[in-house]
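To start, the structure under review is shown below, and the notes come after it.
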Amino acid sequence: MQKAYKLHGVHRHYDWGGDEFIPNLMKVNNETKKPFAEYWMGAHVSAPALIETKEGNVSINEFGSIPYLFKVLDVAKMLSIQVHPTKENAIIGFELEQQAGIPIDAPNRNYKDQNHKPEIMVALSDFWLLHGFLAPELLAERLQAFSCFHSLLNHFDGADYQGLYQFFMQLPSQAADKILKPLIIEAVAAVKNGEVDKSHPHWWANKYYNGVVPESNIDKGIFSIYILNIVSVKKHQAVFQGAGLLHAYLEGQNIELMANSDNVLRGGFTPKHIDIDELLKHVNFAPTYPEVLLGDNINDNETIYPCPVQDFGLSKIVLKGTESYTINSLHIEMLLVIEGEVDIDGQVFKAGEVAMVKPLQEISLLGIQPSLLFKSFVP
């Protein structure tokens, strides 16, 4: 009986994606330099993966339900400032939009499904992201450090995250421009003169506008760069992000595992729908103290990344050479080969290929050469 199958995911060509990393990983010709932003491996209704069988390719849904969505990302341009709802709020928001008659694929639709979207990412390169509000003393120092922010100090008043963020995000464009334009002028000059690096918000404000100061209608997402934690994640380190956490990916490549949802509420850095009032309902207005996860070694071959949810789990498997390693699946699992070449239950999988493992199977992994895999599973 066949236990493992080759999985063919779906490429997403969003304009923020790079044009080399995913094509190189998956041996896809990209002479036209099309952006390859994401590779989806899952059963989401908008892009279900196909499974290779002896009878032909079939939808992954024919093998059972999968509560998670597995992805590879290449972040060349900054992603939107965003937050994800809780499961309870996703159900409420989805039903309200259904009752309002907003089509599921409408550009002004906030809720694409009724699920929450907690997520964990593991860096495949040096990776940078915005991750939750700065600690109160750091945020107060940040507002004090830039003269254009001094008018906002009273709105923060020591630790009023909601008062500060809500006031700024609801400012008319002209009023926001008066604060942000001098900031971007300073940022562009600082980068040009080599005064800052990627740990400084000026770096990312300059990157977003590519060194050119806009005349007006400045994206309010710029403000978030200065009040959120800028986090550097090294290769194979991880970060977990739950509901309500304001965040944005800035640069790099990673794998991402999340609940099977596409619910995103956006607050800047995107041509997509932005609904500030809806966003504000779901933000956790509290400081975040970033935790970069190294993973816990469960044996010499496998390292598991802690995920405080029931929807998914993630581990890294290293085969040092022609050694074998056995796994036992409880539910549908996926094995993404990032490096090397592996025999999985009698089939050869090369870098960029994915194996789907059926539930309740004992599977042998045999390294044909030194290999690195990531395994998605249900705890």
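The values are calculated or read from the model by the stated rules, or taken from the named source; none is laboratory data. Just so it is clear, the model here is predicted, and its values are computed rather than measured. Neighbour counts are summed over all protein chains in view; Cβ atoms, including those assigned to glycine, are modelled from backbone coordinates with ideal geometry.
Criterion applied to LYS71, LYS54, LYS33, LYS27 was being of a type in the set (Lys, Arg), under 20 Å from ASP311 (Cα atoms), out of contact with any helix residue (DSSP H, G or I) (no Cβ under 8 Å at 6 or more places or on another chain) and not assigned by TED's automatic domain parsing to the domain that holds VAL354, and the one residue passing it is LYS71. If you check GLN162 against the conditions, is it more than 30 Å from PHE374 (Cβ to Cβ), modelled with pLDDT of 95 or more and in contact with a His (Cβ under 8 Å, 6 or more places away or on another chain)? For GLN162, the condition - more than 30 Å from PHE374 (Cβ to Cβ), modelled with pLDDT of 95 or more and in contact with a His (Cβ under 8 Å, 6 or more places away or on another chain) - is not met.
Can you find even one residue in segment 69-81 that is assigned to a helix (DSSP H, G or I), touching a Pro at 6+ places or on another chain (Cβ under 8 Å), within 24 Å of PRO290 (Cα to Cα) and of a type in the set (A, V, I, L, M)? Full working, then the answer.
Start the filter on segment 69-81 by keeping residues that are assigned to a helix (DSSP H, G or I), which leaves none.
No - not one qualifying residue is present in segment 69-81.
For segment 5-59, taking the residues that are among the small types (Gly, Ala, Ser) and not in a strand (DSSP E or B), the one that is surrounded by the fewest Cβ atoms within 10 Å (Cβ to Cβ) is identified as SER46. Among the residues of segment 163-216, just one is among the polar types (S, T, N, Q), closer than 16 Å to CYS148 by Cβ and within 26 Å of the chain's Cα centre (by Cα), namely ASN206. Scanning segment 318-331 turns up no residue that is farther than 30 Å from LEU134 by Cβ, surrounded by 17 or more Cβ atoms within 10 Å (Cβ to Cβ), at pLDDT 95 or above and touching an Asp or Glu at 6+ places or on another chain (Cβ under 6 Å). Residues in segment 94-123 that are surrounded by fewer than 22 Cβ atoms within 10 Å (Cβ to Cβ), closer than 22 Å to ALA248 by Cβ and of a type in the set (A, V, I, L, M): 1 in all. Taking the listed residues ALA100, ALA176, ALA123, the one that is of a type in the set (A, V, I, L, M), farther than 22 Å from ALA205 by Cα and in contact with a Lys or Arg (Cβ under 9 Å, 6 or more places away or on another chain) is ALA123, with no other qualifying.
Here's the yes/no breakdown for (1) within 20 Å of GLN241 (Cβ to Cβ); (2) in contact (Cβ under 8 Å) with a residue 24 or more places away in the chain:
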| position | (1), (2) |
| --- | --- |
| TRP40 | yes, yes |
| LEU50 | no, yes |
| LYS71 | yes, yes |
| PRO85 | yes, yes |
| ILE91 | no, no |
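Taking the listed residues ALA187, ALA205, ALA175, the one that is closer than 18 Å to GLY268 by Cβ and in contact with a His (Cβ under 8 Å, 6 or more places away or on another chain) is ALA187, with no other qualifying.
Has segment 142-150 got any residue that is in a helix (DSSP H, G or I), among the small types (Gly, Ala, Ser) and not assigned by TED's automatic domain parsing to the domain that holds ILE276? Yes, the conditions are met somewhere in segment 142-150.
Contact map, segment 96-121: residues that are closer than 13 Å to SER261 by Cα paired with residues that are among the β-branched types (Val, Ile, Thr) and part of a helix (DSSP H, G or I), Cβ distance under 6 Å, separation 6+ or inter-chain. Pairs shown: GLN114/ILE91.
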